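Student: Let me give you the structure first, and then I'll get to my questions.
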Amino acid sequence: METTTVNIGAEIKRANEKFIQAFTEGNAAGIANLYTDEGMLLPTGMEAVKGKPGIQEFWQGAMKMGVKGVKLETVEVLPCENTAIEMGNYTLTGEGGTRMDKGKYIVVWQKQNGQWKLHKDIWNTSLSAT
């Protein structure tokens with residue numbers, strides 16, 4: 001089981017690297033393609049965003065608001081057959097690498113067509129509202 005956990009963790013890390021690269025390139029369509037067809041975002045202060053077109057629109061909107069980069073740090077991966085739950089920390093940066101937000105996230109991953117894809121993606125800020 002440990003070998004499987006390590007392999008799944010490494011595969012999820014590679015998928016996160018693709019997410020980071022696509023974000024850096026301003027490629028919202030590339031980000032959306034990292035989600036399952038039924039993928040869902042659960043952002044703070046908004047209704048759920050369902051499906052690849054909505055996910056692409058959401059991330060494109062974040063980019064238009066000035067988010068230029070994202071850093072993802074996996075803290076834990078819990079595998080369960082064709083699903084895995086990842087807990088981690090994120091940092092969003094703007095122009096010149098200025099920090100715009102930081103917080104924590106949980107992603108439910110699903111294996112589809114031999115690839116791990118984001119299925120349910122929820123996060124919240126660790127910054128104070130004041």
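Student: Sort out which residues of region 32-47 are touching a residue at least 24 places away in the same chain (Cβ under 8 Å) and either in contact with a strand residue (DSSP E or B) (Cβ under 6 Å, 6 or more places away or on another chain) or surrounded by 15 or more Cβ atoms within 10 Å (Cβ to Cβ) (or both), and write them in order of number.
Tutor: Within region 32-47, Ala32, Leu34, Tyr35, Thr36, Gly39, Met40, Leu41, Leu42, Thr44 qualify.
Student: Which pairs have Cβ atoms under 9 Å, sit 6 or more apart or on different chains, and link a residue in region 48-67 that is of a type in the set (Lys, Arg) to one that is part of a helix (DSSP H, G or I)?
Tutor: Sorted first by the residue in region 48-67, then by its partner, the pairs are Lys52/Ala29; Lys52/Ala32.
Student: Looking at region 38-55 only, could you name the residues that are more than 12 Å from the chain's Cα centre (by Cα) and at pLDDT 95 or above?
Tutor: Answer for region 38-55, where residues must be more than 12 Å from the chain's Cα centre (by Cα) and at pLDDT 95 or above: Glu38, Glu47, Ala48, Val49, Lys50, Gly51, Lys52, Pro53, Gly54.
Student: Still on this structure, I have one more. Looking at this structure, is Thr91 surrounded by 11 or more Cβ atoms within 10 Å (Cβ to Cβ) and more than 19 Å from Met40 (Cβ to Cβ)?
Tutor: Answer is yes for this residue.
Student: While we're on this one: Among the residues of region 107-130, what is the count of those that are closer than 16 Å to Ile20 by Cα and touching an Asp or Glu at 6+ places or on another chain (Cβ under 7 Å)?
Tutor: Total meeting the criteria: 2.
Student: Lys64 passes all but one of (1) crowded, with 17+ Cβ neighbours inside 10 Å; (2) basic (Lys, Arg); (3) farther than 21 Å from Glu17 by Cβ; which number fails?
Tutor: (1)
Student: Can you pull out every residue in region 41-80 that is assigned to a loop (DSSP other than H, G, I, E, B) and under 17 Å from Lys120 (Cβ atoms)?
Tutor: Selection gives Pro43, Thr44, Met46, Glu47, Ala48.
Student: If I filter region 81-88 for residues that are in a loop (DSSP other than H, G, I, E, B) and surrounded by fewer than 16 Cβ atoms within 10 Å (Cβ to Cβ), do I get at least one hit?
Tutor: yes
The values are calculated or read from the model by the stated rules, or taken from the named source; none is laboratory data. The model shown is predicted, which means the values in this text are computed figures rather than measured ones. Note that we place each Cβ from the backbone using ideal geometry, even for glycine, and neighbour counts take in every protein chain shown.
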